[in-house]
Amino acid sequence: MAIGIYKRGQGYYTRVVSAGGFGLVILMGGYWLGEQLSGVVQIAGEPVYTRAVAFIIFAAVFGSIAYYLIGVKPKFVDFLVATEGEMKKVNWSSRREVAGSTWIVISMTIFIAIICFLWDLLYQWIFSTAGVLEYVR
């Protein structure tokens, strides 16, 4: 197993974002583990030392796994490099197109809600007239 970075110059931004995501998950996981161990086991009589040691060990183990995946493992790195290459080919919508589509979705949602409400009133009137449903005023 090599210590260097596999395909160093390729997929830089994808690797950086992936490393940031891994780092955030590791920080949250280490914090959670420290909270879980705060009153269970104590090293040198202080719970803060237990939490710190658990956090450091957790971060070292999972940080090593993240480094191996993002920097060394060929299949994972090739996937990240290919992902960045494909993302450069995507035709992103403009702000105007996204805003227009959003307004269409919102207006259609309101229209469908009104139609459903009117059908509900119609069925409520039909069933209350037939005596199946008590009409509450």
Of the conditions (1) among the basic types (Lys, Arg); (2) in a helix (DSSP H, G or I); (3) modelled with pLDDT under 85, the single one that Arg96 does not satisfy is (3)
If we ask which residues in segment 30-66 are in a helix (DSSP H, G or I), at pLDDT below 85 and not hydrophobic (A, V, I, L, M, F, W, C), their number turns out to be 7
Does Ile126 satisfy the condition of being in a helix (DSSP H, G or I), at pLDDT 95 or above and more than 21 Å from Thr14 (Cβ to Cβ)? no
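The values are calculated or read from the model by the stated rules, or taken from the named source; none is laboratory data. Fair warning: this is a prediction, and the values are worked out from it, not measured in the lab. Please note: Cβ atoms are built from the backbone with ideal geometry, for glycine as well, and neighbour counts cover all protein chains shown.
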